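Notes to accompany the following structure.
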Amino acid sequence: MRITLPAASQRVARTVWRDGERLRDAQERAIPEEAAIAFTYGGSSYAVMMATPRDLEDFAVGFTLTEGVAASPEEIENLEIIPESSGIELRMRLVEAQERAQAERRRHLAGPTGCGLCGIESLAEAVRELPKVSNKDVFTPEEIMRAVASLPAAQSLNNETRAVHAAAFWKRGHGLVALREDVGRHNALDKLAGALARSGQPAGEGIVIVTSRLSVEMIQKAAMVGAPLIVAVSAPTALALRAAEDAGITVAAIARGDGFEVFTHAERVVLDAGEAANVAYGS
């Protein structure tokens, strides 16, 4: 029996109560789908995440990069998406050197929605040393606000369901380059990382925006792809800020219609648009 991939959302019947009364003429509501997504490398299981079954190629590549399983998409020799009755397998084969390295560090990780560090084997993995982000580009408050404002119209799945997170990439002179959505905030960021890597767009050349809080694993993923500035609509955790400070990442959070707050490496946010352009173009 052939099994097809589920849709990213489903319409379900509902009974609506408002002001203590039941509304009999209530229509169906769209809700996001959720599926078990298994990542396997060389025939061995690495992780199982609950995620929205959309943009799975991006998810496979992005997760592989942000987890440090591979350093570039070119190290993934083959990728198959295998629908099964219990979920979806993202079956990958790495280049020989990476396959050997992966065999040595193999681990099993169960990741429910909203959990990015479940099942790790040691405390050291939770607070692992991150690569330093050395990109010196600077951005103006106006550019940051423009990037944040560009998200709502592009969040098609959230506009339909009101139940998913988004991660997006904004670049000066191009606007919103990519946006990915998922029930899990970590998954959305992984999908964005994969989309950028697959299109050859360096994450270091713009702003990453997320519609969620910033916990440490979000900073870890941003560091792995070299993102210099991450903007969140909600607040960061203290550990996330310590990780961002060490990794050289600028954190701007609590982004609202009237502004935002910068917590780390504030030197990347400048008032003068000319200064931002000079840095961007190396003049």
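The values are calculated or read from the model by the stated rules, or taken from the named source; none is laboratory data. Given the structure is predicted, the values throughout are model-derived calculations rather than measurements. We place every Cβ from the backbone using ideal geometry, glycine too, and count neighbours over all the protein chains shown.
Here are the numbers for the structure shown:
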| quantity | calculated |
| --- | --- |
| Total residues in segment 224-244, condition buried (at least 24 other Cβ atoms within 10 Å of the Cβ), among the small types (Gly, Ala, Ser) and under 15 Å from residue 193 (Cα atoms) | 1 |
| Residue check for residue 239: out of contact with any Ser or Thr (no Cβ under 6 Å at 6 or more places or on another chain), of a type outside the set (Phe, Trp, Tyr), not assigned by TED's automatic domain parsing to the domain that holds residue 72 and not in a helix (DSSP H, G or I) | no |
| Residue that is closer than 21 Å to residue 182 by Cβ and surrounded by fewer than 20 Cβ atoms within 10 Å (Cβ to Cβ), where the choices are 27, 10 | 10 |
| Residue, surrounded by the most Cβ atoms within 10 Å (Cβ to Cβ), within segment 31-67, restricted to residues that are assigned to a loop (DSSP other than H, G, I, E, B) and modelled with pLDDT of 95 or more | 52 |
| Cβ-Cβ under 7 Å pairs, at least 6 apart or on other chains, segment 46-69 side within 11 Å of residue 193 (Cβ to Cβ), far side β-branched (Val, Ile, Thr) and modelled with pLDDT of 95 or more | 59/37; 61/76; 64/76; 65/225; 66/225 |
| Hits in segment 142-170 (condition: among the acidic types (Asp, Glu) and either in contact with a Cys (Cβ under 9 Å, 6 or more places away or on another chain) or more than 18 Å from residue 255 (Cα to Cα) (or both)) | 160 |
| Residue within segment 177-189 that is buried (at least 23 other Cβ atoms within 10 Å of the Cβ), assigned to a helix (DSSP H, G or I) and basic (Lys, Arg) present | yes |
| Evaluation of residue 219 against (1) surrounded by fewer than 24 Cβ atoms within 10 Å (Cβ to Cβ); (2) within 11 Å of the chain's Cα centre (by Cα); (3) not aromatic (Phe, Trp, Tyr) (one fails), failing number | (1) |
| Subset of segment 203-235 that is touching a Lys or Arg at 6+ places or on another chain (Cβ under 7 Å), of a type outside the set (Gly, Ala, Ser) and in a strand (DSSP E or B) - its residue that is nearest to residue 250 (Cα to Cα) | 229 |
| Condition broken by residue 197, with the remaining ones in (1) buried (at least 24 other Cβ atoms within 10 Å of the Cβ); (2) in contact (Cβ under 8 Å) with a residue 40 or more places away in the chain satisfied | (1) |
| Residue in segment 91-99 that is crowded, with 16+ Cβ neighbours inside 10 Å, modelled with pLDDT of 90 or more, assigned to a loop (DSSP other than H, G, I, E, B) and among the charged types (D, E, K, R) present | no |
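Residue-wise test of (1) closer than 30 Å to residue 31 by Cα; (2) in contact with a helix residue (DSSP H, G or I) (Cβ under 7 Å, 6 or more places away or on another chain); (3) modelled with pLDDT under 95; (4) not in a strand (DSSP E or B).
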residue	(1), (2), (3), (4)
82	yes, no, no, no
116	yes, yes, yes, yes
124	no, no, yes, yes
160	yes, no, no, yes
